[in-house]
Every structure is written in structure tokens, then in C-alpha cells.
Amino acid sequence: MTDRRHLLVHGATFAAVGERGDISGVRGGGFPDGLFVRDARHLSRWQLTVDGAVPEVLAPVADGDTARCVLVPRGGRQEPPACTLFREQAVGDSSFVESLRVTGNRAVPTVVRLALTVDADFTDQFELRSDHRTYAKAGAVRSREVLDDGVEFTYRRAEWRSVTTITADPAPDAVEETGTGARRLVWTLALEPQGTAELVLRVMARPHGDRRALRVPRSPASVSERLVAAEGGFMEGVAFPAGWPELAAACARGLADLAALQVPATGPDGEELRVPAAGAPWFLTLLGRDALLTSLFTLPYHPRPAAATLLALAAAQATGADAGGSSLAQPGKIVHEVRHGELAHFGQVPFGRYYGSVDATPLFLVLLGAYTEVTGDPGLARRLEPHARAATGWMLDHGGLTTRGYLVYRADEGGLANQNWKDSPGAICWADGTRPTGAVMAAGAQGYAYDALRRTAYVARAVWGDETYAALLEQAAADLRDRFQRDFWMREDSFPALALDGQGRQVDALASDAGHLLWSGLLDKEYGEAVGRRLLEPDFFSGWGVRTLASGQPAYHPLSYHRGSVWPHDNALIALGLARYGLHDEARTVAHALVEAATATGHRLPEVLAGYGRDTHPEPVPYPHACVRESRSAAAPLALLTAVGGA
């Protein structure tokens, strides 16, 4: 990939274009290339030429909800460009639209031949990841049909059918074959002296199973208007801190990103919902843990995402066990990931509805309890009582709280190696990097379980009127707290272990998950204060935030996804936890570090930063494969506002 990718996002649709607005059809690499809807690439080539040559870039695509760039034909000082091309692009629901304005620069008539090479390969996102996997697609057929005003691409595989329609106004003068399956739309434009011609190109994607009526915008400007309206809805009612303009800017940027990251979902009664997607480009879909944490961060300011998330996850809650299957479903378990792509449909990846998470279920209960308390509205808790009881039952039974004393998981071959928030292979390890085998009991998930039991007890007593059930859950929470501090606390380090293995041995890496225990309130005050202060020591605190793993341990790596990097949402939970334990100076230190990192990156917090220290790297170092927009990071400034106010 020779130029930087720019990301346009709207709901479940995103496009990645280059600096000149082109899509090159790249496969693999760290960033997908094309127009994607519901996990499939509906546009794999979109390449413009002028008089048979690739134009030069005068002004490359810059960040924004609309991609704009300025191009000219290749030339030199002795022969100034005959024309200038102004491109504007935007995405809407299942659509992509481009306005192309060609302005003549000469005092005489000018003829310009434009050609746009287009293709749709319908590749599943999982095929574009750099994991060296291949997927058989027996019987798959692609076809192309020339239309009066463009071309239509169709993909079929058994019952699976996807369509991409490309139209132009004015219609192309010709549609040519390229010999590679792509098609070339050609226009011959006769420009008057200093004259202008404009083309509007529209791409309409019809993914398999999507029966919604397509609303194709007439121009990129109309897309931008809808985005501005959505952003305004998210910012409504949020009081930004006047005394801390950098935090205010980070909150505003985050809310704008959250507005773009809302994807369709369905509630228990079939109602249409919009919920936070995890992130773009790779995770523009519902992930249970991510949507729940995002909703918890936004809850004090916007309760609607929380209500939608709870309803969508209740609708997808497992009602039975997937015996011998790959989904890891068990009765009452909350879904981890929902995918709509071809490979998920045919069972070639397990993520159609994948339940490989031990923390989504307790976080579902945490959010339900928090929503009930913050809004004072018992209606949702009444409606979701069967779902909440089933989720609690999963924690106590299948999850392992009753039989093992803790929430337990095992590595899932073909799925996720780890089933807590640090879900990459090797993320749960001893200080020397050794990975546990067999059963794993991750520390952070136990904190979520403790909070879930307490909050569900509150709901049972205040809303359901079930005192006996509330007392049972409160006792289970107290017992879990006692066990945890006995089994996880490493006396020599005065710090909790990252996990226990199947034999009950402490997995002794010093990790940021301890901060999640502060957020959930699992630790006694003395232990909590010790942990909070330890997280601000230089081996943990980089100056841009708390590292996922303290430096100096053999397992530490500043460019590892979960073993030394800095995650904004992780730090937001830590800041909330520090404030909970009265460590307000420490909470402010974390909050200021994150806000300064956001300020250095256009007020947008990325999914993850490298773990290099600020003392040696005065600017935050990007993590190379981070999601460009991520819902938990977008919501993190609001969590900081909750933790420290405008201080």
C-alpha cells in the first residue's frame, strides 16, 4: 500500500480510500481497502485516470466525515495542467457517493477523457486479515451486467447473494472490459474555456439478507448533513467542562465518532435498534463487551445507548448449549460477537453468534443495574428480568462461580485464546511470558462478577421485590470478595495476580487489570489504595497512561497488543476506580495524560497506543494496527469527566 488510508464511517458501512480518493483492491496488510457493508467488500476498485494516466495530488484526502482532495493531470512547469479535479466522497447506509468536479484551466476549449475502473470482489473481512488463513468457496460465481448508466456486480454462493450497483449522472459514454473482471466507465468531457463539468457517482450495496430500503444520498453533502444531525443528537444535553477545553474537545470528538459508529440491531420483540459498534475498520459490528463498556461510560450523559445495548444483547442471549459446536453458547450467556458475513453464514468462522467471553455476561448485569439506578426508571429492569436471572444463573452455574469459585474459561481452538478483555494469544501470562494452559480465571472478570452480583441484588430488591434472591446474591458477592483476596493477592508484590491457572497457581504478571478491580470495588480499602498508587509508578505509567503490563518484566513489549501498550478505555476504568477509592490526585494524573494524548492526535483517542514512555518520546507513539475509530476509546473522555469532573 503506497499511500495512507482514510476512513469514512457511517453505521455498518465504511470505506477506506487513499490520498487521491482511490481504492486499489489491496488484499492483506494492516488495513482493509474498499467499501465494506456487513463484513463484505462491496467495492474493491475505484481508480480514476485522466487522459490515460493517474493524476497527481495537489491536496490529499484529509480527516473528516467527507473525503475531499484536489487532483491534476500530470505535467510540468512549462505546461500547466489543462484542468483541475475536485473529488468529494462520503458513505451512507449501504452506500457510497462521489461528486467529481472537473474545471478547465485554459482560455480555449479543452477535451478531457476520464476513466474510472471499478470492481466488487465481495471478499469477506476475515479473508483480508494477515493471519495466513484461506477459505474454500465451492460454487461461488461472480457476474457483471452493464446498465444504461453504469454497471452491476453480483455474487452468488448457494443461497448467498450480494449485489453492488454503480450508477453515474451523466451516464458514461462507454463501459469497457479490462480483462481482469473489473469494468472501466469512460467519459469524454468537452469543457468550455474556463468551464466546469460535474459527475455524480453512486454505489449501492445490497448485502445478503438485508431487506431494508436503500436510501441513497444525492451528493456527499447530503450524507454530511445526516452525520451532523446524528452528532448533534449525541451532544445534546452534555455539559462540557469550560475550565478544561482540551477535555471538552476530546468529549466532543468522541461523541461525534460514537454517532457514526451506531450499527443496526434487533431487540427481543423485533424492534429496530442502533447500538455502538466496537470499532472501524475490523470490528464494525456488535461486540458485547465493547458495547457494554461504551454504554457504561456514556450512561451519565446519554442513557439511550445503554437501553439499546441491553435490549440487543438480551435478544441475542443464549438459551441453550451448543453441544460440540464452535459458538460456545450456554444457557443465559451474553453474546461476545455478532457477524453477518459470508464466512460466518457458512460456519467457516465461528463468529456469526459467538459466545467466547466470560465478561460480557457480568457486564450486562452491571449495565442493567447502573441504568436502573442512574435513570430511576424500573421499566427496563422489569422487562429484562428473565434475561437478568438467566445471566446470573450462567455466572453461578456454567460460568464457574459455584463449582470453581470464579468465572473460568479455556482457550478456544479456532476462536479466542483468551476470553477476557485481553483476548489476544499470550495476553494472559506469567511475568516471564509463559502462558497458562487449561482453565484460566482472569482477575478482571472476577471484579465484574462481584459488581454484577451486587447490582443485580439491588435490582432484585428494588424492582423485582425478591428479597430472598437479593440476599442470596449479596452473600455470593461477599464470599467471592473473601476468596479473591485470599487466592489472588501476591504478598511479595502487594498486588493481585493477573489470573489463576487451573491448579490455582498465581499468574504473576503485573498488569493493568488490577485497575478494573478498583472500578468494580472488589478490593478492600487498604488493598485498593496500594494497587492504585502502584499503578502510577514509572514502570506502569508511561506519561500517556497506564501500560497494560508493567515494564521491566520479561513479558513486556511496548508494541504488543496487550503486553505493554496503553489502552484509553482501560485507563478510563482505572481513573474511575481510583476516584472510587478516594485517590483523586492519581485519577487526575491519569485523566490529564489521556487528554494530552488526545490533544496530540486531533482530540481523538485511538483504540491503543504504544507503551513508550513520555520521558523519551515527547509525542504519543501510535500502535501500528489500532482501530482508527473505536467506541470504547471514543467514550473514554466521558468516563474521565465522570471520574474527575473539569479538574
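When the Cα gyration tensor is reduced to axis lengths a ≥ b ≥ c, the ratio a/c is 1.5 or higher for the stretch 1-151, and with a/b above b/c it is classed as prolate. Its alpha carbons give the chain an Rg and a Dmax of 26.1, 89 Å. For Glu373, the accessible area of its heavy atoms, probed at 1.4 Å with every protein chain present, is near 110 square angstrom. Would you work out if the stretch 557-647 is rounded, prolate or oblate? Take a ≥ b ≥ c from the square roots of the eigenvalues of the alpha-carbon gyration tensor; rounded if a/c is under 1.5, else prolate when a/b is larger than b/c, oblate otherwise. It is prolate, given that a/c is not under 1.5 and a/b is the larger ratio. In the chain, helical runs assigned H by DSSP with n ≥ 4 each contribute -39500 (n - 2.57); averaged across all residues and rounded to the nearest 500, the mean residue ellipticity at 222 nm is -9500 deg cm²/dmol. When Lys and Arg each count +1 and Asp and Glu each count -1, what net charge do the other residues less than 12 Å away from Lys333, Cβ to Cβ, add up to? Spelling it out: positives minus negatives among the neighbours equals -2. Could you tally the net charge around Ala82, taking each other residue with its Cβ under 10 Å from the Cβ of Ala82, Lys/Arg +1 and Asp/Glu -1? Once positives and negatives cancel, what remains is -1.
When a/c reaches 1.5 or more, the comparison of a/b and b/c decides; with that in mind, is the stretch 275-418 rounded, prolate or oblate per its Cα gyration tensor? Taking the square roots of the gyration eigenvalues as a ≥ b ≥ c, the stretch 275-418 is oblate. For the stretch 346-447, the dipole from Cβ point charges (+1 on Lys and Arg, -1 on Asp and Glu) about the Cα centre works out to 140 debye, to the nearest 20. Counting only residues at least eight positions apart within a chain, or on another chain, the aspartates and glutamates with an alpha carbon under 20 Å from that of Lys137 are Asp39, Asp119, Asp121, Asp124, Glu127, Glu159, Glu342.
Excluding residues fewer than 8 places away in the same chain, name every one of the lysines whose C-alpha is closer than 21 Å to that of Lys422. Lys422 reaches Lys333.
The values are calculated or read from the model by the stated rules, or taken from the named source; none is laboratory data. Values in this document were obtained by computation on a predicted structure and should not be read as measured data. For neighbour counting, all protein chains shown are included, and Cβ atoms are generated from backbone atoms with ideal geometry for every residue, glycine included. Quick note on the areas: whole protein, heavy atoms, side chains included, nothing else; ligands and nucleic acids left out. Shrake-Rupley method; radii C 1.70, N 1.55, O 1.52, S 1.80 Å.
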